[in-house]
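The values are calculated or read from the model by the stated rules, or taken from the named source; none is laboratory data. Given the structure is predicted, the values throughout are model-derived calculations rather than measurements. All Cβ positions, glycine included, derive from the backbone under ideal geometry; neighbour counts span all protein chains shown. These area figures cover heavy atoms from the full protein model, side chains too; ligands, DNA and RNA do not enter into them. Shrake-Rupley method; radii C 1.70, N 1.55, O 1.52, S 1.80 Å.
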Amino acid sequence: MDAHDVGRMARRTAITCARGLSRAVLAPLEGIPLFVLSLAALVTLPVLAGLWLVPKVLLGVRAVADRQRARAMEWSDVVIEPPGRPRPLKATNGPIGRIRCCAWLLGDPATWRDLLWMLVGAPAGAVLAAPAFAVVIGIGALFGAESPHGAGTELLYLALLPAGIIGGPWLLKGHAVFSGFLLAPTRKELEARLTRVTESRSETVDASAAELRRIERDLHDGAQARIVSFSLSVGLAEQMVRDDPDRALELLAEARASSGQALAELRTLVRGIHPPVLAERGLGGAIEALALTVPIPVDVHLDLPARLPEPVESAVYFAVAEALANVVKHSGADRASVQAEYADGRLVAMVSDNGAGGAGPLSGGGLCGIERRMTAFDGTMAVTSPPGGPTMVTMELPCELSLAKI
Amino acid sequence: MRVVLGEDLTLLKDGLIRLLTAYGMEVVEAAESGPELLEALVRHRPDVAVVDVRLPPTFTDEGLRAAIEARRRVPGLPVLVLSQHVEQLYARELMARGTGGLGYLLKERVSDVTGFVEAVRAVAAGGTAIDPEVVSQLLARHARDETLARLTPREREVLALMAEGRTNAGIAARLVVTEKAVSKHINNIFLKLGLYQAEDDNRRVLAVLKYLNA
């Protein structure tokens with residue numbers, strides 16, 4: 001072991017000790033007050049002030065728990081899965097949004113286990129101070145400090161040094177694993193999530209198979225048939241050009257008409273598969289272009305910093321198109337608006353109108369299609385549409401920004 | 001007439017060069033990418049540019065952007081934009097700097113050779129050529145417009161042809177009526193829409209497009 005190795009070991013030990021000490025001090029400092037505050041907030045729930053307090057405090061609890069999850073990974077390579085219940089839409093603010101947020105937090109078992117961790121984490125964190133003490137005492141013994149417990153125990157104290165150096169990282173790891181018992185989702189939750197994913201996957205597979213069949217049929221009965229008729233007309237014209245030039249000209253004109261129709265059909269088809277404007281301008285431009293084709297004025301507010309992954313752009317574009325088509329068909333509205341924003345790894349899109357309201361996801365209806373598109377990306381859709389309106393369809397899904405520029 | 005072409009697909013590029021040359025125009029440069037096109041437009045200042053929306057390097061809307069930028073640097077530069085699909089959004093962006101010397105057509109319109117060449121000449125002369133598809137989308141958007149609902153079916157036809165940028169003579173030939181009948185329809189249309197009737201063909205198109213684009 002050379003000086004270099006010694007240095008590295010010393011640095012590693014120092015880091016371990018510092019991490020342990022910081023946890024030992026901070027775990028009770030943040031955990032206990034948050035636990036007490038949470039109880040206080042829950043007590044105020046019946047007097048409505050809780051609607052405001054509970055989300056604030058419990059989201060704070062979740063943030064602290066999330067930090068512990070991240071630390072377990074960073075310090076000890078222990079993976080603690082984040083809680084899996086889909087978060088309700090941030091976009092629905094106001095009292096309804098608050099009630100929904102409270103319901104989500106209170107109904108999610110992860111919240112209660114996080115809260116318990118605030119309490120348990122304090123004594124559990126205190127244990128992490130041990131390596132620092134062991135190392136300090138060990139070093140003291142190494143440099144001949146006298147044992148307060150009399151001769152003969154020096155050797156024992158000296159042994160604390162390697163114990164602290166070697167045991168420190170293990171203790172941190174043990175702590176991480178222990179916190180995982182409370183902070184990771186239970187088996188039941190994981191199974192529920194798996195069921196959700198499996199269901200939405202098979203729905204997506206079914207939907208895309210049906211989509212492919214539709215495209216095949218459209219091509220077969222449309223463009224392909226037109227091109228056959230095109231080449232037939234050209235072939236006939238070729239035969240006739242000498243004997244009956246007038247008839248040949250007529251046939252050529254027919255051929256041109258068929259080719260025009262084939263192109264028009266292909267254009268419609270392509271628009272349904274992947275609208276060219278989406279490829280050219282991304283989600284923002286495509287939504288603006290879409291808004292211009294709707295027969296009522298549509299206000300568009302977009303805050304998208306960069307291109308999103310193509311599958312996400314496509315899903316959200318078609319979902320917005322579907323929602324706008326619903327507005328035109330059913331709502332009787334004379335104004336609509338589309339908002340989309342990207343923040344904190346989530347894309348939120350909202351389509352609202354000033355129409356008659358009373359919309360709901362009928363099975364097989366347009367709103368169902370939107371929901372299916374969203375679940376395939378672990379996203380959610382919510383509709384608020386009281387009788388008399390207004391109607392608001394909100395879609396939210398997690399995604400990363402694409403590296404391509406707008 | 002000097003033409004700069006912006007088209008990357010060899011088949012189409014060769015076809016267009018052949019077609020334009022056959023009608024006595026000179027293709028001074030055929031650019032194959034957005035940056036190349038912009039440079040050529042500013043350098044040659046052609047009588048007209050024929051530009052494909054989608055060009056390398058990004059294969060998005062490079063051609064359109066180059067055309068708009070060139071018209072910003074060389075005001076009034078006549079540009080005819082071709083595309084596999086038409087978008088009102090693009091039409092709007094193109095028209096933002098005036099409709100004079102501007103065309104926006106579906107690529108397949110080249111199959112009507114004489115019609116296409118006429119459109120190129122009209123744009124070069126400072127006129128307008130808007131694809132019927134754009135116009136019908138514009139009209140569809142006004143499906144609930146009560147003012148437009150007051151037009152007779154014939155007047156709507158005339159309105160659509162006017163929006164495409166056709167002259168009175170062109171509209172008359174298309175509808176197989178006299179030019180006098182056409183100007184009567186046009187008078188009625190402007191009266192019903194409450195628009196100021198301009199003598200100049202171009203300003204008339206502008207008024208109609210502005211109304212429909214509102």
*Here is a list of conditions, (1) open to solvent by less than 40 Å² (accessible area, probe 1.4 Å); (2) more than 14 Å from every other protein chain (Cβ to nearest Cβ); (3) within 20 Å of B:M95 (Cβ to Cβ), and B:V135 meets all of them except one; can you say which number that is?*
(2)
*Which condition does A:D206 not pass, out of (1) of a type outside the set (F, W, Y); (2) within 14 Å of chain B (Cβ to nearest Cβ); (3) out of contact with any helix residue (DSSP H, G or I) (no Cβ under 8 Å at 6 or more places or on another chain); (4) open to solvent by 60 Å² or more (accessible area, probe 1.4 Å), if it passes all the others?*
(2)
*Considering B:E62, B:E36, B:E69, which residue is more than 20 Å from the chain's Cα centre (by Cα) and either free of Cβ contacts under 8 Å to residues at least 40 places away in the same chain or within 14 Å of another protein chain (Cβ to nearest Cβ) (or both)?*
B:E36
*Sort out which residues of the range B:93-107 are in contact with a Leu (Cβ under 9 Å, 6 or more places away or on another chain) and either at pLDDT below 90 or among the small types (G, A, S) (or both), and write them in order of number.*
B:M95, B:G98, B:T99, B:G100, B:G101, B:G103
_Could you list, ordered by first residue, the pairs with Cβ atoms under 8 Å in which the first is in the range A:268-283 and within 15 Å of B:F59 (Cβ to Cβ) and more than 7 Å from chain B (Cβ to nearest Cβ) and the second is open to solvent by 20 Å² or more (accessible area, probe 1.4 Å) and small (G, A, S), at least 6 apart or interchain?_
A:H274/A:S314; A:L278/A:S314
*Scope the range B:72-95; condition out of contact with any strand residue (DSSP E or B) (no Cβ under 9 Å at 6 or more places or on another chain) and within 13 Å of chain A (Cβ to nearest Cβ); matching residues*: B:E87, B:Q88, B:L89, B:R92, B:E93
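Report, by residue number, each residue of the range B:31-49 that is aliphatic (A, V, I, L, M) and surrounded by fewer than 20 Cβ atoms within 10 Å (Cβ to Cβ).
Once the filter is applied, which keeps residues that are aliphatic (A, V, I, L, M) and surrounded by fewer than 20 Cβ atoms within 10 Å (Cβ to Cβ), the range B:31-49 yields only B:V42.
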*Odd one out for B:G115, checked against (1) surrounded by fewer than 17 Cβ atoms within 10 Å (Cβ to Cβ); (2) of a type outside the set (V, I, T); (3) touching a helix residue (DSSP H, G or I) at 6+ places or on another chain (Cβ under 6 Å)*: (3)
*Hey, B:T10 hits all of (1) more than 14 Å from every other protein chain (Cβ to nearest Cβ); (2) open to solvent by less than 80 Å² (accessible area, probe 1.4 Å); (3) under 30 Å from A:H274 (Cβ atoms) but one; which does it fall short on?*
(2)
*asked:* Pairs needed: first member in the range B:108-131, within 14 Å of chain A (Cβ to nearest Cβ) and more than 11 Å from B:L19 (Cβ to Cβ); second member anywhere, among the aliphatic types (A, V, I, L, M) and part of a strand (DSSP E or B); C-beta distance under 7 Å; at least 6 residues apart or different chains.
replied: B:D131/B:L105; B:D131/B:L106
*What residue, of B:L191, B:L195, is over 26 Å from A:A264 (Cβ atoms), out of contact with any helix residue (DSSP H, G or I) (no Cβ under 6 Å at 6 or more places or on another chain) and either open to solvent by 40 Å² or more (accessible area, probe 1.4 Å) or in a helix (DSSP H, G or I) (or both)?*
B:L191
*Give the number of residues within the range A:238-257 that are within 11 Å of another protein chain (Cβ to nearest Cβ) and open to solvent by less than 70 Å² (accessible area, probe 1.4 Å).*
3
_Which listed residue, of B:E179, B:E155, is open to solvent by less than 30 Å² (accessible area, probe 1.4 Å), of a type in the set (D, E, K, R) and at pLDDT 85 or above_ = B:E155
*From the set of residues in the range B:50-59 that are surrounded by 22 or more Cβ atoms within 10 Å (Cβ to Cβ) and either more than 16 Å from the chain's Cα centre (by Cα) or on the phi > 0 side of the Ramachandran plot (or both), which is nearest to the other protein chains (Cβ to nearest Cβ)?*
B:R54
*asked:* Restricting to the range B:69-93, name every residue that is open to solvent by 10 Å² or more (accessible area, probe 1.4 Å) and within 20 Å of A:L292 (Cα to Cα).
replied: B:Q84, B:L89, B:R92, B:E93
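Matching residues to (1) in a helix (DSSP H, G or I); (2) open to solvent by less than 30 Å² (accessible area, probe 1.4 Å); (3) of a type outside the set (G, A, S):
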site	(1), (2), (3)
A:D5	yes, no, yes
A:T13	yes, yes, yes
A:A24	yes, yes, no
A:A41	yes, yes, no
A:L53	yes, no, yes
A:L59	yes, no, yes
A:M73	yes, no, yes
